[in-house]
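The values are calculated or read from the model by the stated rules, or taken from the named source; none is laboratory data. Since this is a predicted model, take the numbers as computed values, not measurements. Counting neighbours? That spans all protein chains shown, and the Cβs are built from the backbone with ideal geometry, glycine included.
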Amino acid sequence: MIDGLAFEAAVFEEAEPIEVERFEDLLVTEEHVLNVPTLRNPELGLLGRPDGIDMKGGVLKPIEIKSHRDVSRLDRLELAFYWLLLEPYRTIASEPAGQVLVRRDGLPVAVDAAVSPFDLDRVRELVDAVRGARRDGVIPEMCSCEVCVTRPEVFEGARDRKDIRLLWEIGPKRSRALRAVGIDSWERLLNCETAIVLEQLRENGTPISPRRLEKCQHHARSYSCDRPQLFGNEPPKGWDE
């Protein structure tokens with residue numbers, strides 16, 4: 001992050017300053033404008049500040065500055081968000097698109113990027129999810145990101161909640177599927193009617209094999225007993241010595 005911010009600051013420093021009283025005064029220019037003020041889309045309830053805007057022709061394509069080499073999936077979603085943000089200021093209809101200034105050999109290189117309808121729909125979903133989290137709160141889940149694996153308090157919180165994400169091969173998708181049928185902790189997984197859960201998962205279009213569910217239950221039992229659980233073939237001689 002520090003490296004990325006330093007690259008962004010260097011790009012801003014190289015840009016020629018523009019003096020205007022209002023952001024709206026920039027809408028009649030044909031310039032690429034960086035370091036724009038915070039903008040609002042009242043109709044969509046959006047607030048944000050893109051790194052820059054391509055003002056040419058009134059299309060208003062958002063610009064993002066990234067220190068990586070190629071345009072990523074997250075970059076496209078960010079452009080999609082800013083495309084929606086800029087709708088009230090746009091004076092001409094156009095296919096959604098943006099530009100990413102990536103770093104190659106230490107220098108900024110402009111890469112045009114299309115914004116697909118899927119990107120726009122996904123941004124709308126994420127905005128709704130963020131609003132829901134702010135309104136209702138959210139239960140943090142254990143995952144394999146750098147934060148979760150390096151901060152012990154994250155694991156401790158997940159362990160105290162008996163989070164099913166701690167179990168073998170329970171990722172985001174399977175976690176959501178299990179929560180949808182009422183299995184929100186490894187304790188509930190241990191005490192559930194296995195046949196009923198398997199049938200509910202199948203009806204929801206998220207089936208899991210009985211063998212895999214059984215492995216998850218063995219892992220849950222190891223948390224419950226605070227000791228390893230052996231299953232399957234005969235254990236090696238001396239395993240419990």
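The range 1-101 holds strands (runs of 3 or more DSSP E) entirely within its bounds, and those carrying 3 or more residues that are modelled with pLDDT of 90 or more and within 22 Å of the chain's Cα centre (by Cα) map to 46-48, 61-65.
For residue 49, indicate whether it is basic (Lys, Arg) and either touching a helix residue (DSSP H, G or I) at 6+ places or on another chain (Cβ under 7 Å) or closer than 23 Å to residue 9 by Cα (or both). Spelling it out, residue 49 is indeed basic (Lys, Arg) and either touching a helix residue (DSSP H, G or I) at 6+ places or on another chain (Cβ under 7 Å) or closer than 23 Å to residue 9 by Cα (or both).
Suppose the filter is of a type outside the set (Gly, Ala, Ser) and surrounded by fewer than 18 Cβ atoms within 10 Å (Cβ to Cβ); does residue 23 pass it? Spell out the reasoning first.
Values: of a type outside the set (Gly, Ala, Ser): yes; surrounded by fewer than 18 Cβ atoms within 10 Å (Cβ to Cβ): yes.
When the stated conditions are applied, residue 23 passes them.
Scanning the range 191-200 turns up one or more residues that are of a type outside the set (Gly, Ala, Ser), free of Cβ contacts under 8 Å to residues at least 12 places away in the same chain and buried (at least 17 other Cβ atoms within 10 Å of the Cβ).
When residue 157 is tested against (1) closer than 26 Å to residue 213 by Cβ; (2) surrounded by fewer than 14 Cβ atoms within 10 Å (Cβ to Cβ), just one condition goes unmet, and that condition is (2). Each residue in the range 144-169 was checked for being out of contact with any Asp or Glu (no Cβ under 9 Å at 6 or more places or on another chain) and either in contact (Cβ under 8 Å) with a residue 24 or more places away in the chain or under 23 Å from residue 225 (Cα atoms) (or both), and 11 pass. Take the conditions (1) over 30 Å from residue 132 (Cα atoms); (2) surrounded by 11 or more Cβ atoms within 10 Å (Cβ to Cβ); residue 62 misses just one of them, which is (1).
Does residue 33 meet the test of being touching a residue at least 60 places away in the same chain (Cβ under 8 Å) and closer than 21 Å to residue 98 by Cβ?
Numbers: touching a residue at least 60 places away in the same chain (Cβ under 8 Å): no; closer than 21 Å to residue 98 by Cβ: yes.
No; evaluated as a whole, the condition is false for this residue.
No other residue among 179, 212 is farther than 30 Å from residue 1 by Cα, under 23 Å from the mean Cα position of the chain (by Cα) and not aliphatic (A, V, I, L, M) apart from 179.
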